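The values are calculated or read from the model by the stated rules, or taken from the named source; none is laboratory data. Treat the numbers as computed from the prediction; the structure is a model and nothing was measured. Positions of Cβ are backbone-derived with ideal geometry, glycine not excepted, and every protein chain shown enters the neighbour counts.
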Amino acid sequence: MKKIFKLLIVALILSNNAFAGSDGEVELSKKAKPVQPVKDCFEPLNRATFALNQGLDKVIFKPVAKIYRVLPSPVRTGTSNAIDNLSTLATIPNNILQGDLKKAGVNTGRFVINTTFGIVGIFDVAQLMGFPEYEKEDYGQTLGALGIGPGCYLVLPVLGPSTVRDTIGSLANVVGGDPWYNVTVANDTQYFSDFDYWGTRVTAGIDFRAKNLDSFENLEQNSMDFYASVRSLYLQDRQKKIANSNNVTETMDDSDWEEIETK
Amino acid sequence: MKKFFTIFLFSLLFLTNISYSFSIEPDVFVQSTVSKAAETLGGKFTKEERVEKLKKIAEEAVDIRGIGFYSLGSHRKGLNKDQLNTYEKVFREYFLKSFSSRLAEYSNPEIEVNSKKKLNENYTIVSSTLVATDTRPEVKIEWRVYTKNPEKLLIRDLIIEGLSLARTQKEEFSSIINSNDGKIEALIQNLSDFSSN
């Protein structure tokens with residue numbers, strides 16, 4: 001807990017520093033809550049890392065995702081459900097940190113039901129029982145919900161788009177914030193090994209890539225600046241998730257459209 | 001006087017009918033547009049025929065000029081008339097090519113229109129779902145419909161799983177302009193190159 005508190009402090013300092021200057025702004029929204037523009041402070045380095053990631057994707061991730069997509073649909077759905085079930089372990093503490101005790105309770109119930117009746121989460125029994133749709137939460141979102149700004153935009157090797165805040169949030173997982181990491185990697189339990197944790201992380205990445213094979217390819221083919229498109233989509237997605245909103249109009253700025261008349 | 005009154009009454013009824021026959025609800029408009037696109041995508045056409053049909057649908061249903069100007073963001077204000085005209089022309093070509101090639105890859109997409117929400121007199125958001133297939137999950141799509149002229153509704157944005165395509169394009173264009181010392185010519189060149197490739 002002490003480590004998480006330290007991370008929060010560091011995040012606060014970094015995010016404040018990150019807003020100095022005004023180059024390379026990406027405006028996100030001005031509506032409901034005034035959202036700070038996210039700066040791409042390290043754009044040349046980010047673009048280089050992005051190119052590296054694209055190379056890795058072409059050689060490794062995309063071919064693997066294509067093979068994964070050949071698997072029968074029930075196998076992919078079961079895998080995806082099991083990964084989501086494990087992620088609930090990190091979502092619950094984030095629900096609590098965000099003060100949403102009701103969702104924490106619902107997600108705890110979901111985890112217990114799916115792990116037992118759903119056979120380690122392969123079957124989403126909770127959904128069949130009428131539980132609300134699962135919304136994943138992470139420490140980056142919690143920091144955002146606490147009012148900490150995103151800081152600069154970052155592209156991490158292999159992991160892809162992030163921000164200073166979200167990167168720090170991810171680190172919270174490996175310093176005690178993710179119970180699945182704690183029982184696999186951090187502590188020497190006789191039931192799980194490091195392989196279990198990293199195996200699920202890699203599978204989660206492949207599952208995500210396989211679900212988005214067509215849309216990524218389509219976006220890449222139709223973008224003149226693919227890097228800028230991915231940055232925009234990532235930042236919009238984070239803004240939506242931090243606002244915990246499915247209502248598109250809450251995170252969009254209408255004023256940009258107002259003065260545009262059509263002939 | 002009676003004749004005048006009868007003529008007036010007929011005219012009124014006639015005009016009312018015209019107005020009813022041409023104004024359309026945003027959700028019906030989206031469903032109709034989607035159905036036309038689905039017919040094209042599911043029909044037995046060559047790829048070229050399909051692209052041409054999709055372009056025609058886009059020209060009728062999408063506010064290409066409005067999206068083009070929105071995508072320029074604050075850069076729009078610094079442009080002269082000639083630059084704006086050139087931009088409008090190349091953007092139209094770019095948009096139609098991009099739109100049709102994005103859609104042409106899908107075969108027979110099934111979209112269900114679920115609900116609508118009026119934001120103000122000018123905009124209504126129509127919510128829909130792209131039904132899941134074996135290869136992709138269900139996708140939520142919101143349509144920003146420009147309703148200022150109820151007889152000529154136009155689509156201004158697609159918001160896919162909460163991510164606005166218009167905003168993404170705006171930020172992409174901004175990135176291109178900013179990395180070329182704020183010159184619109186660089187964007188125009190990029191748009192022309194995209195269309196001609």
Filter region B:147-168 down to residues that are within 7 Å of chain A (Cβ to nearest Cβ) and over 23 Å from residue A:231 (Cβ atoms), then give me how many there are. 1
Counted residues, region B:8-58 - those being at pLDDT 85 or above, outside any helix (DSSP H, G or I) and among the charged types (D, E, K, R): 1
How many residues of region B:56-89 are in contact (Cβ under 8 Å) with a residue 40 or more places away in the chain and within 12 Å of chain A (Cβ to nearest Cβ)? The answer is 8
What number of residues within region B:118-162 satisfy the criterion of being hydrophobic (A, V, I, L, M, F, W, C) and either under 16 Å from residue B:103 (Cα atoms) or at pLDDT below 90 (or both)? 11
Just checking, does region B:89-103 include any residue being touching a Gly at 6+ places or on another chain (Cβ under 8 Å) and surrounded by 21 or more Cβ atoms within 10 Å (Cβ to Cβ)? yes
Return the residues of region A:46-66 that are among the hydrophobic types (A, V, I, L, M, F, W, C) and touching a residue at least 40 places away in the same chain (Cβ under 8 Å); say none if nothing qualifies. A:50, A:52, A:56, A:61, A:64, A:65
When you check residue A:87 against the structure, is it modelled with pLDDT of 95 or more and under 30 Å from residue A:48 (Cα atoms), yes or no? no
Only helices (runs of 4 or more DSSP H) wholly contained in region A:105-188 count here; list those with 2 or more residues that are farther than 23 Å from residue A:76 by Cβ and in contact (Cβ under 8 Å) with a residue 12 or more places away in the chain. A:139-145, A:164-172
Region B:121-141 - residue that is within 7 Å of chain A (Cβ to nearest Cβ) and assigned to a loop (DSSP other than H, G, I, E, B) and, of those, surrounded by the fewest Cβ atoms within 10 Å (Cβ to Cβ): B:134
Check residue A:82 against each of (1) modelled with pLDDT under 95; (2) within 22 Å of the chain's Cα centre (by Cα) and name the one condition it does not meet. (1)
Mind listing whichever residues of region B:186-197 are touching a residue at least 40 places away in the same chain (Cβ under 8 Å) and of a type outside the set (A, V, I, L, M, F, W, C)? B:192, B:195
